[in-house]
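Here's the structure, in structure tokens; my notes come after.
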Amino acid sequence: MSCRVWVRRWGLVVGGLLVSVLGIASWAQQAPEHGGHGTPEAWKFSWPAGNPVSGREVFVKLECYTCHEVKGEQFPKPDPGDDPGKVGPELSGMAPLHAAEYFAEAIINPNAVVEEGKGYRAPDGKSKMPSHNDLVTAQEVIDLVAYLRGLKADAGPPTHGGASPPSGEHGAPAAK
């Protein structure tokens with residue numbers, strides 16, 4: 001069998017499988033009940049508990065302190081040659097302003113929401129905050145969010161393990 005015929009046959013097989021899979025996926029999305037593998041109507045993403053002490057370690061690992069100040073914390077001083085300057089917001093008062101999901105999005109997708117007029121946008125129009133997705137695990141992001149959610153503007157950093165406070169809706173103040 002020639003190579004061309006072999007490629008054509010496999011292309012038809014793969015194409016047929018793709019059509020079948022897409023058909024199943026389309027049916028599953030339209031399925032009204034969870035038993036049909038559709039999303040349950042009342043479903044809401046629930047943010048997992050995290051450990052703020054481990055999250056602080058992630059904050060240090062990623063050197064977030066080179067761009068973000070945290071009142072009450074003593075982080076290593078960045079090398080003056082490497083310091084891009086404090087371009088991100090001070091973080092100790094952010095917990096009551098944002099849901100856990102908002103912090104997570106800012107960490108894993110920093111271009112999703114970039115405040116205008118604050119110097120957070122790079123010349124290419126994207127956020128100056130780098131993506132660290134290739135450097136962190138999902139658990140590290142969960143813990144980092146727990147650390148950020150535990151910061152208080154009028155107190156020091158969290159010093160105990162435990163769950164993140166409950167979160168509100170995306171972009172809205174968190175429930176108290």
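The values are calculated or read from the model by the stated rules, or taken from the named source; none is laboratory data. Treat the numbers as computed from the prediction; the structure is a model and nothing was measured. Cβ coordinates were reconstructed from backbone atoms using ideal geometry, including for glycine residues, and neighbour counts include every protein chain displayed.
Surrounded by 13 or more Cβ atoms within 10 Å (Cβ to Cβ), within 21 Å of R56 (Cβ to Cβ) and modelled with pLDDT of 95 or more, is that true of E140? Yes: the conditions hold for E140. One residue stands out among those in the stretch 102-136 that are among the polar types (S, T, N, Q), in contact with a helix residue (DSSP H, G or I) (Cβ under 9 Å, 6 or more places away or on another chain) and in a loop (DSSP other than H, G, I, E, B): the one that is surrounded by the fewest Cβ atoms within 10 Å (Cβ to Cβ), which is N133.
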